[in-house]
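A short reminder: the numbers here are calculations on the coordinates, not readings from a lab. Predicted, not measured: the structure shown is a model, and the values here were computed from it. Virtual Cβ from ideal backbone geometry, glycine too; neighbours counted across all protein chains shown.
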Amino acid sequence: MTTADEKPRVKTDLLVHEIYLSVQGESTWAGVPCTFVRLTGCPLRCTYCDTEYAFTGGQRMTQDAVMAQVRELGCPLVEVTGGEPLAQSACIGLLESLLADGRTVMLETSGALPIDRVPREVHKIVDMKCPSSGEMARNLEANLELLAPHDEVKFVMGTREDYEWSRELVRRYELEGRVAAVLFSCVFGALEPHTLVDWMLADKLFGVRFQLQAHKFIWPPDERGV
């Protein structure tokens, strides 16, 4: 309990599943060395989720302890991911600290939680949930209005319905050319990459970028910590 003269303490501890050095597997940063800070927990349960292991577990760490590990790994590019990192209120403070430390900071978020408090300098990768994910209703389309020119929007597709829904959302919000990249990718093992590329070319989506999850080709698809 605080008195009238005291300010409530801001919670800075984080539940962290893993911190590791790898290369970016997705986005326009694919192939670039990157430190990943994966936070535990996610309110969504997408049918194709490949990080279910991060729903639980992890260890409680202070923000200072996280920053110390990031500095030890030494990489100038850092991505905060999950799970859903914004499900932890202390994520915002971590993003601010990483920026203040001179890092280039990325945030991978589902788009189901508001991004209005995320520092503008952060490179946000907003993963809009397609129909086959089972979580389409959780999308906050208002987030699309808050995107900066350096942000990116990702759509992971497993069906033709997913593709058509994504295509129309891109057109409705005029995302092509408004953000750094609109990313179309396949649910691994569910949709053939050449099929998605054929659809994109047939519809002349010249402002959309096809992507593969590079880390699933470098390492076994279910490998952790990569």
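For MET157, enumerate residues with amide H under 5 Å from its amide H, sequence gap 5+ or separate chain, H modeled in the peptide plane.
Under 5 Å from the amide H of MET157 lie the amide H atoms of SER185, CYS186, VAL187, each far enough along the sequence or on another chain.
Any idea what angle helix 193-202 forms with the longest principal axis of the chain, computed on alpha-carbon atoms, 0 to 90 degrees, nearest 10?
Long axis of 193-202 versus the principal axis of the chain: about 70 degrees.
From the C-alpha coordinates alone, can you work out the Kirkwood hydrodynamic radius of the chain, in Å?
Averaging 1/r across every pair of different Cα atoms and inverting gives 18.2 Å.
Between the helical axis of 63-73 and the dominant principal axis of the chain, each derived from Cα atoms, what acute angle in degrees is found, rounded to the nearest 10?
60
Please determine, in degrees from 0 to 90 and to the nearest 10, the orientation of helix 160-172 with respect to the longest principal axis defined by the Cα atoms of the chain, where the helix direction is its Cα long axis.
With both axes taken from Cα atoms, the answer is about 70 degrees.
So if I take the centroid of the Cα atoms in the range 113-177 and the same for the range 185-226, what is the distance between those two points in Å?
16
May I ask you to evaluate 6.51 cos²θ - 1.76 cosθ + 1.60, the Karplus curve with θ = phi - 60°, for each residue of the range 134-142 and list the ³J(HN,Hα) values in order in whole Hz, giving x for glycine and proline?
Result, ordered by residue: x, 10, 4, 5, 7, 4, 9, 5, 4 Hz.
Hey, got the dipole for the range 14-218? About the Cα centre, +1 on K and R Cβ, -1 on D and E Cβ, debye to the nearest 20?
100
Take the Cα pairs of the range 60-149, get the Kirkwood Rh, then feed it into Stokes-Einstein at 10 °C and 1.306 mPa s and tell me D in µm²/s.
Diffusion coefficient, whole number: 114 µm²/s.
Which of the peptides 129-140, 41-52 is most tightly packed, and how do the rest follow, judged by the mean count of other Cβ atoms within 10 Å per residue?
129-140, 41-52
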